[in-house]
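This report concerns only the one structure given below.
The values are calculated or read from the model by the stated rules, or taken from the named source; none is laboratory data. None of these values were measured; they are calculated from a predicted model. Positions of Cβ are backbone-derived with ideal geometry, glycine not excepted, and every protein chain shown enters the neighbour counts. SASA here: full protein model, heavy atoms, side chains in, ligands and nucleic acids out. Shrake-Rupley method; radii C 1.70, N 1.55, O 1.52, S 1.80 Å.
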Amino acid sequence: GGGGGPRLKLINVYVPNSGADLQRLEYRTDRAAGWDARFRAAIAAQATGESRVCVCGDMNVAHEDVDFHNPAERRTLTQAGTTPEERASLRCFLAPPLGMRDAFRQVHGRAAGQYTYWSQRARARPANRGLRIDYFLLASGVPPAAVVDVQHLQEMHGSDHCPILLELDLARL
């Protein structure tokens, strides 16, 4: 219930990690029955018509080469979060029928070095050897003009992830 103004459905998620030995890769990325496919179906049920839907959280995948510090290293092809299968699965959120937009890339284009996760085990944060695996994905019902800013609050330490911030102009929803 509530007022008659525009509404935004916010879906927060932690997408399962594929595992150190990729033991959950198929569970996650199988196109028919994997976790990602089931999650896309759940989003589709909420994002009907011009619904304003934002998916936010840890997608556990670096989508593009610019989203991780070492894309040229062959080992990334078999590391959780950077496998071709995981990256292809994230593209399914961005392609029709969902057609979601990556809000950070909408605002900042191909900005490099903008990571949201750093391995604590590898002490990767001081050298900014990270991955951008936390996202705001916006359904087509959220007009691009409503997005004011997206920031990675990298100065916030104490976790292996940094907070991410999305500022929307609610009057433009």
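Of the residues that sit in segment 83-139 and are in a strand (DSSP E or B) and of a type in the set (Ser, Thr, Tyr), which one is surrounded by the most Cβ atoms within 10 Å (Cβ to Cβ)? Applying the filter and picking the extreme gives Tyr135. Taking only segment 23-66 into account, find how many residues are within 14 Å of the chain's Cα centre (by Cα), assigned to a loop (DSSP other than H, G, I, E, B), closer than 21 Å to Asn12 by Cβ and free of Cβ contacts under 8 Å to residues at least 60 places away in the same chain. Of the residues in that region, 0 qualify. Could you tell me whether Ala171 is among the small types (Gly, Ala, Ser), loosely packed, with under 15 Cβ neighbours inside 10 Å, under 29 Å from Pro6 (Cα atoms) and touching a Lys or Arg at 6+ places or on another chain (Cβ under 8 Å)? Considered against the rule, which asks whether it is among the small types (Gly, Ala, Ser), loosely packed, with under 15 Cβ neighbours inside 10 Å, under 29 Å from Pro6 (Cα atoms) and touching a Lys or Arg at 6+ places or on another chain (Cβ under 8 Å), Ala171 comes out as no. Is it true that Leu165 is open to solvent by 40 Å² or more (accessible area, probe 1.4 Å), touching a residue at least 40 places away in the same chain (Cβ under 8 Å) and not polar (S, T, N, Q)? For Leu165, the condition - open to solvent by 40 Å² or more (accessible area, probe 1.4 Å), touching a residue at least 40 places away in the same chain (Cβ under 8 Å) and not polar (S, T, N, Q) - is not met. If you go through segment 67-91 and keep only what is in contact (Cβ under 8 Å) with a residue 60 or more places away in the chain and within 24 Å of Gly141 (Cα to Cα), you end up with just Ser89.
Tell me, yes or no, whether segment 43-54 has at least one residue that is in contact with a Ser or Thr (Cβ under 6 Å, 6 or more places away or on another chain) and surrounded by 13 or more Cβ atoms within 10 Å (Cβ to Cβ). Quick ask: steps written out before the conclusion?
Step one: list which residues in segment 43-54 are in contact with a Ser or Thr (Cβ under 6 Å, 6 or more places away or on another chain), which gives none.
Scanning segment 43-54, I find no residue that is in contact with a Ser or Thr (Cβ under 6 Å, 6 or more places away or on another chain) and surrounded by 13 or more Cβ atoms within 10 Å (Cβ to Cβ), so the answer is no.
Taking the criterion of being open to solvent by 30 Å² or more (accessible area, probe 1.4 Å), β-branched (Val, Ile, Thr) and within 15 Å of Phe136 (Cα to Cα), would at least one residue in segment 8-18 satisfy it? Checked against the condition, which is being open to solvent by 30 Å² or more (accessible area, probe 1.4 Å), β-branched (Val, Ile, Thr) and within 15 Å of Phe136 (Cα to Cα), segment 8-18 yields at least one hit.
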